[in-house]
1. Hey, Val180 hits all of (1) assigned to a helix (DSSP H, G or I); (2) touching a residue at least 60 places away in the same chain (Cβ under 8 Å); (3) under 20 Å from Leu90 (Cα atoms) but one; which does it fall short on?
2. What pairs come out if I take residues in the stretch 74-96 that are farther than 9 Å from Pro182 by Cβ and pair them with residues that are of a type in the set (Phe, Trp, Tyr) whose C-beta lies under 9 Å away, six or more apart or interchain?
3. When the stretch 94-116 is examined, which residues are found to be surrounded by 16 or more Cβ atoms within 10 Å (Cβ to Cβ) and either in contact with a Leu (Cβ under 8 Å, 6 or more places away or on another chain) or over 12 Å from Thr189 (Cβ atoms) (or both)?
4. Do we have Ala201 as closer than 16 Å to Phe106 by Cβ, more than 7 Å from the ligand (Cβ to nearest atom) and more than 16 Å from the chain's Cα centre (by Cα) here?
5. Does Thr102 qualify as being more than 14 Å from Pro182 (Cα to Cα), away from the ligand (no atom under 12 Å from the Cβ) and among the polar types (S, T, N, Q)?
6. Could you please find all residues in the stretch 133-151 being more than 9 Å from the ligand (Cβ to nearest atom) and at positive phi?
7. Hey, can you tell me all the residues within the stretch 109-136 that are over 14 Å from the mean Cα position of the chain (by Cα) and among the hydrophobic types (A, V, I, L, M, F, W, C)?
Amino acid sequence: MLSHKRTQRRLSTQRSQRSRRKPIKVFFSAISVISVLILVSAFSTACRQDMHDQPKPIPLRASAFFADERSARPLVEGTVSREHLRDDTLLETGRTGNGEATMFPFRVDARVLARGRERYDIYCSPCHGRTGNGDGMVVRRGFRRPPSYHDDRLREAPVGHFVDVIANGFGAMADYRQQVEPRDRWAITAYIRALQLSEHATIADVPAAERARLQ
Ligand code: HEC
């Protein structure tokens, strides 16, 4: 009997709590509906139309503002481009007149390799993995798996192929032209070559003085 009463009391307090919460909820949902309405009307009337109809020259369309009626203005005499002059096809794309380059266009030293490793870890490892076997975090979350750099085909591919893939993309892989500047494309390629060597190295590749440390 006692426990029955207690249950009833608990039920009734729960009920009153629920009914007390309700008006607050209604109040907030009313506020959010009203604010959405205000936002929508603000965008659809004043804001959007004003910006839309403002006087402005549209590229390659006539403009009444200039005497010659051209909206695209000629360059001021003596203008000097501040962008890089992109006229070195080999450095940019890894290609020569005969196809993909087989040589690096500059000397590869420890500094270049370190730079390549840093850039590789930032831009390539999310998919290709830190060791280049194609199991990066993005792939583990469902992105298409790239081929391993340690496959014979890619071990035998000329260095220009890697630079070309970075500059122009390949199949499902987007290009990294904007993110990775030309010299870094080669630095990454040098590091990929180092990764490839590391997976196929033998004890004979290790300098004699260092061998003892491995055994
Ligand atoms: C978002 C994931 C992703 C990133 C980041 C990425 N790749 Fe790839 N990569 C792929 C995929 C997927 C393929 C396979 C594409 C295909 O075969 O359609 C691929 C293929 C390649 C290939 C093989 C091309 C061939 O001949 O089969 C090379 C080389 C390569 N990527 C280099 C790089 C380098 C260097 C970077 C960093 C600058 C990089 N990738 C960044 C996903 C990625």
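Just so you know, all these numbers are worked out from the coordinates, no wet-lab data involved. What you see is a predicted model; the values in this text were computed from it and never measured. Cβ placement follows ideal geometry from the backbone for every residue including glycine, while neighbour counts extend to all protein chains displayed.
1. Just one mismatch for Val180, condition (1).
2. Short answer, once both residue conditions are applied: Gly94/Phe162; Gly94/Trp186.
3. Arg95, Ala101, Pro105
4. On the way: closer than 16 Å to Phe106 by Cβ: no; more than 7 Å from the ligand (Cβ to nearest atom): yes; more than 16 Å from the chain's Cα centre (by Cα): yes.
Criteria not met by Ala201.
5. Values: more than 14 Å from Pro182 (Cα to Cα): yes; away from the ligand (no atom under 12 Å from the Cβ): yes; among the polar types (S, T, N, Q): yes.
For Thr102, the condition - more than 14 Å from Pro182 (Cα to Cα), away from the ligand (no atom under 12 Å from the Cβ) and among the polar types (S, T, N, Q) - is met.
6. To start, the set of residues in the stretch 133-151 that are more than 9 Å from the ligand (Cβ to nearest atom) comprises 133, 135, 137, 140-142, 148, 150.
Gly142, the sole residue that qualifies.
7. Once the filter is applied, which keeps residues that are over 14 Å from the mean Cα position of the chain (by Cα) and among the hydrophobic types (A, V, I, L, M, F, W, C), the stretch 109-136 yields Ala110, Val112, Leu113, Ala114.
One line per residue, one yes/no per condition, for (1) more than 16 Å from the ligand (Cβ to nearest atom); (2) within 18 Å of Pro126 (Cβ to Cβ):
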| residue | (1), (2) |
| --- | --- |
| Arg153 | no, no |
| Val165 | no, yes |
| Phe170 | no, yes |
| Arg177 | no, yes |
| Pro182 | no, no |
| Leu195 | no, yes |
| Pro207 | yes, no |
